[in-house]
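Reviewing the structure listed below.
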Amino acid sequence: MEVTSLTVHELQALIRAGQISPREAVEALGRRIEEVDPLIHGYLSHDLERAVSEAQQVDVRLPLGGVPISIKDVINVKGHPCGCASKILDGYVAPYDATVIAKLRAAGAIPFGRVNMDEFAMGSSTENSAFGPTRNPWDITRIPGGSSGGSAAVVAADEGFAALGSDTGGSIRQPAALCGRVGLKPTYGRVSRYGLVAFASSLDQIGPITKDVRDAAILMNVISGPDKFDSTSLSDQVPNFTANLDQGVKGLKLGLPKEYFIEGIDPEVDKTVRAAVARLEELGAEVFEISLPHTEFALSTYYIIAPAEASANLARFDGVRYGFRAKETNSLLEHYGKTREEGFGPEVKRRIILGTYVLSSGYYDAYYLRAQKVRTLIRQDFAAAFEKVDAIVCPTSPTAAFKLGERTNDPLSMYLADIFTLAANIAGICGVSVPCGFLAREGKQLPVGLQILGQELNEATVLRVAYAYEQNTEWHKAKPPIA
Ligand code: GLN
């Protein structure tokens, strides 16, 4: 068996038993990357030598002792470049470890490489990377999803054991779905954002993309918890997410939101997800139709709040403190303007302009303030639903992976890729995507994801449902047809 095809828990067990050394694991990863990454372009960079030297120092008895974890290029890893797949951060080297990285290290993991993403996490296809797109391992003419497309693709292609991504509107769950892997967006505040480059601070969360549900639970055990460096991190106690994974779904109430099975969704995705829900019913869950009446406003609410916050957060990239600096400017204003003009890509500029507009005096009340009010309504929808059900089940994405280039000239059709994931971020709740089947397209198998949404701080329940489904199906064992 190939070392790189192991899950995190399998690898850790072999390392602990002395059958594989951390160094061998890192070197196997290096060889696999050499072999498949020219096709996938999942990594922006990696430092094999440094990873090997770290591997030789880890304590293999720790929970993640000796396991390399691939890191999205939006999370600071001390001494490594952190570029958000943007030109504007050219030359920037992280001066400190993000809290999630410190926690990974304390658990014995080896933060590994920088995986590709949409620039500043804005996008759904990884085509907005300033360094070229990542390709979907199931069909390299297609996108891997985004913005954590690199995270999902490297895990799917077995050139990463597991990865960290970030999810502001779906960026962990949607690429996980499109690459046939597991992706979990924690409750807002469950995981510290310290050291995550901010996109939309009230929506961003870091989370795992993994080969199976157990790995997601293991990583959640490590990265969750309060942090004095992030005042929005929650002080609530973190349960042991692996402890109750195998309790099954018998007696659990699952809600099927009628607004999520709509026109525009690929009929085969609809069918595949409904079959998955039927499987959960066979396993003992009770399924109810529910309503989330403000669903239709989620997209427009998100595309006001997220750009508004982004326009403020990205103001710091002015060529003075970080990364890229435009040459030959004659005044400070010209310096700011030219640096940002040359440093940011088109989608990032679009968001900054949109965000500045909705916050500007005269438009603030009509857009930003109203969006905040609708945000409350969306939150209330979920709160009411969770009085009736333990979790909500629905598609992660309305379609399977689309072709590279298919939507790049049509921002609105790109935005629609996240129609089923955005609301969870708006409401601050948690959600997981788990593989639930394939669509056949042009001789290729394209993965479909089942999304399971849970109440605030109820990751344990969504993981339990996901695990029950996974353990009674074979989808997570399928490997893409590369090299
Ligand atoms: N695709 C959405 C956007 O472009 C969500 C991105 C994300 O979750 N980071 O904003």
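The values are calculated or read from the model by the stated rules, or taken from the named source; none is laboratory data. Since we're looking at a predicted model, the values are computed, not measured. Cβ: placed from backbone, ideal geometry, glycine included. Neighbour counts: every protein chain shown. These area figures cover heavy atoms from the full protein model, side chains too; ligands, DNA and RNA do not enter into them. Shrake-Rupley method; radii C 1.70, N 1.55, O 1.52, S 1.80 Å.
At a glance:
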item	result
Evaluation of Ser202 against (1) crowded, with 24+ Cβ neighbours inside 10 Å; (2) of a type in the set (S, T, N, Q); (3) more than 9 Å from the ligand (Cβ to nearest atom); (4) part of a loop (DSSP other than H, G, I, E, B) (one fails), failing number	(1)
Test for Leu104: is it over 29 Å from Ala400 (Cα atoms) and either open to solvent by 40 Å² or more (accessible area, probe 1.4 Å) or part of a helix (DSSP H, G or I) (or both)	yes
Ile305 vs. criteria surrounded by fewer than 20 Cβ atoms within 10 Å (Cβ to Cβ) and either in contact (Cβ under 8 Å) with a residue 24 or more places away in the chain or away from the ligand (no atom under 16 Å from the Cβ) (or both)	no
Filter result (among the basic types (Lys, Arg) and touching a Lys or Arg at 6+ places or on another chain (Cβ under 9 Å)) within segment 171-227	Arg173, Arg181, Lys185, Lys211
Cross-chain or 6+ apart pairs with Cβ under 8 Å, segment 406-432 first and more than 10 Å from Thr396 (Cα to Cα) and within 12 Å of the ligand (Cβ to nearest atom), then modelled with pLDDT under 95 and small (Gly, Ala, Ser)	Arg407/Ser413; Arg407/Ala417; Leu416/Gly264
Test: residue in segment 225-232 that is touching a strand residue (DSSP E or B) at 6+ places or on another chain (Cβ under 8 Å) and either open to solvent by 10 Å² or more (accessible area, probe 1.4 Å) or within 13 Å of the ligand (Cβ to nearest atom) (or both)	no
Segment 58-75, subset of a type outside the set (A, V, I, L, M, F, W, C) and surrounded by 23 or more Cβ atoms within 10 Å (Cβ to Cβ), residue farthest from Ala130 (Cα to Cα)	Gly66
Selected residue [within 22 Å of the chain's Cα centre (by Cα), open to solvent by less than 10 Å² (accessible area, probe 1.4 Å) and farther than 22 Å from Ala383 by Cβ] from Val213, Val277	Val213
Residue within segment 175-186 that is farther than 25 Å from Gly66 by Cβ, over 9 Å from the mean Cα position of the chain (by Cα) and in a helix (DSSP H, G or I) present	yes
Contacts under 7 angstrom Cβ, first residue in segment 121-141 being under 15 Å from Ser151 (Cα atoms) and outside any loop (DSSP other than H, G, I, E, B), partner more than 10 Å from the ligand (Cβ to nearest atom) and at pLDDT 95 or above, 6 or more apart	Asn136/Arg142; Asn136/Ile143; Asn136/Pro144; Asn136/Ala153; Asn136/Leu178; Asn136/Cys179; Asn136/Ala401
Scope segment 339-363; condition in contact with an Asp or Glu (Cβ under 8 Å, 6 or more places away or on another chain), within 14 Å of the ligand (Cβ to nearest atom) and farther than 12 Å from Ser311 by Cβ; matching residues	Gly345, Glu347
Residue in segment 116-134 that is surrounded by fewer than 24 Cβ atoms within 10 Å (Cβ to Cβ), modelled with pLDDT of 95 or more and more than 16 Å from the ligand (Cβ to nearest atom) present	yes
Qualifying residue in segment 154-163 (condition: surrounded by fewer than 24 Cβ atoms within 10 Å (Cβ to Cβ), out of contact with any Lys or Arg (no Cβ under 7 Å at 6 or more places or on another chain) and aliphatic (A, V, I, L, M))	no
Any hit, segment 448-463, residues being more than 16 Å from the ligand (Cβ to nearest atom), assigned to a loop (DSSP other than H, G, I, E, B), touching a helix residue (DSSP H, G or I) at 6+ places or on another chain (Cβ under 7 Å) and open to solvent by 10 Å² or more (accessible area, probe 1.4 Å)	yes
Residue check, Glu387 open to solvent by 60 Å² or more (accessible area, probe 1.4 Å), over 20 Å from the mean Cα position of the chain (by Cα) and under 22 Å from Trp138 (Cα atoms)	no
